[in-house]
1. Pulled fully out, how much extra length does the chain show between Glu121 and Phe140, if you take 0.36 nm times their separation in residues and subtract their Cα-Cα distance?
2. Between Tyr48 and Lys11, what is the label-to-label distance in nm when each label sits 7 Å out along the Cα-to-Cβ direction?
3. When a/c is below 1.5 the answer is rounded, else prolate if a/b is larger than b/c, else oblate, so apply that to the stretch 32-97 with a ≥ b ≥ c taken from the square roots of the Cα gyration tensor eigenvalues.
4. Taking the convex hull of the alpha carbon atoms in the stretch 276-320, what volume per residue do you get, in Å³?
5. Order these by the 10 Å Cβ neighbour count, fewest first: Glu138, Glu131.
6. In square nanometres, what is the average projected area of the Cα convex hull of the stretch 65-144?
7. Extension gain Asp83-Glu267, at 0.36 nm per residue separation less the Cα-Cα distance, in nm?
8. Show me the three semi-axes of the equivalent ellipsoid for the stretch 210-336, from the C-alpha gyration tensor (sqrt of 5 times each eigenvalue), largest first, rounded to whole Å.
Amino acid sequence: MWRKMATCIRKIASEEFGLSQGNRREVKDTWWWNDDVQKAIKEKKDCYKRLHHDKCADNIEKYRIAKKSAERAVSRAWGQAYDDLYQRLDTKQGEKDIYRMAKIREMKTRDVNQVKCIKDEANQLFVKNEEIKNRWKEYFNKLFNGGNESSTIELDEPFDDNNMGFVRRIQEYEVKEALKRMKCHGYEDGDVSLDGQVVPKKDTFRYLGSMLQKEGDIDEDVSHRIKAGWLKWRQAAGVLCDPRVPHKLKGKFYRTAIRSAMLYGAECWPTKRRHVQQLSVAEMRMLRWICGHTRRDRVRNDDIRERVGVAPIEEKLMQHRLRWFGHIQRRPEEAPVHIGIIRRPKNVKRGRGRPT
C-alpha cells in the first residue's frame with residue numbers, strides 16, 4: 001500500500017511541478033591548497049575511517065589530533081595564499097585579477113544561481129531548454145501576429161532571375177502615398193492594443209538602455225544612469241570595500257566598470273547644471289566609500305580623487321561629447337547627422353550688437 005501511495009505521489013508531483021535537473025553541488029575553493037594541506041586532510045580522512053570501524057579511545061584521540069592539525073594547516077595556507085594574492089594586485093601582472101575577484105564574490109552573494117521553468121497555456125510546467133524556447137516563440141508569435149490577417153504573396157519564380165530592364169527612380173510623392181496606405185493596428189484615437197489589451201500611454205520609455213521622455217528632457221535618463229552605476233557598484237562592493245585592495249586599483253575598476261555605466265549614451269545629452277551636479281554627487285559618494293570615508297570625516301574631494309586616481313566626471317562627460325562631435329564633423333556634408341547643426345554663413349560679417 002505504501003509503495004502504491006508513493007508511486008502515485010511521485011506521478012502527480014512530476015505532472016504538476018515537472019522534473020528538475022538537480023542542483024549543482026557547491027564546489028569548495030581548493031586553489032590555495034598546498035602539499036601540507038593535502039597531507040593533513042588525507043591524514044584526517046584516514047583517522048576518520050579508522051574511527052568509523054572501531055570507536056575506541058585511541059582512535060578518538062588520533063582523530064581529534066589530526067582534525068586540529070588539519071585546521072591549523074588550512075588556516076596557515078589560506079592566510080598565506082590571500083596575502084600573496086593582495087601583494088600580486090600591486091603588480092602590473094595582477095591588475096586583471098581584481099575583475100575575477102569581483103565576479104566570484106558577486107556570484108557567491110546570490111541566493112539562487114538560476115531558475116529555469118515556464119508554464120504553457122494548459123499550465124503544464126516546462127524545465128527543458130528546448131521546450132522553454134519553443135514556448136517563448138509561440139507566445140510572442142501569438143502576441144504580435146495573432147490579429148494580423150494579411151495574406152502572404154508567393155512568387156512564381158525567384159526575383160533575381162527576372163530581367164527588370166530599366167527601373168526608374170522612386171519619387172518622393174510615391175513614398176508618401178505608400179506610407180499613407182500602410183496598415184495601422186491602432187485605433188483612431190491613437191491607442192495601441194496587444195492581444196486585446198490596450199497598452200497604457202507613457203511619458204517615458206526605455207530604448208536601447210536610455211530613457212526617452214516626451215518633452216525631450218533627460219531628467220529620467222540621468223536618474224536611470226545613476227541607478228545603473230549604483231547597481232554595478234553594489235555588485236562589486238566585495239572588492240571596492242576591501243581595505244586590503246590598493247586604492248589605485250579600485251579607481252581603475254571604477255573607471256572601467258562603473259563610470260562607463262553612468263555615462264552610457266551621454267554623448268548626446270543636452271545637459272544642464274543640475275544634471276552634472278547629480279552625477280558629481282553620486283560619484284563622490286562612491287569614491288568616499290571606496291576609500292572608507294564619509295562626509296563626516298571632512299576629507300577634501302581633491303584628496304579622495306588623488307588617492308584613487310579618478311578625474312571629475314564633468315571632465316569625462318565633456319570628453320565624451322567632444323569625441324562624438326568629432327565623429328559628426330568627420331562625416332560628409334550630405335550626411336543626415338548634419339541636419340541639426342546651426343551653421344553660420346561663410347564670408348558674412350556679423351553686425352554689432354546683440355544677435356536677434
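1. 5.5 nm
2. Calculated label separation equals 4.1 nm.
3. Judged from the Cα gyration tensor, the stretch 32-97 comes out prolate (a/c at least 1.5, a/b above b/c).
4. Convex hull volume per residue, Cα atoms: 69 Å³.
5. Lowest count first: Glu138, Glu131.
6. Spelled out: convex hull of the Cα atoms, projected over all directions, averaged, 11.0 nm².
7. Fully extending the segment from Asp83 to Glu267 adds 62.0 nm.
8. The answer is 30, 16, 14 Å, longest axis first.
Read-outs: derived from the displayed coordinates by stated rules, not from any lab. Please read all numbers here as calculations on a predicted model, not as lab measurements. Neighbour counts run over all protein chains shown; Cβ positions are idealised from the backbone, glycine included.
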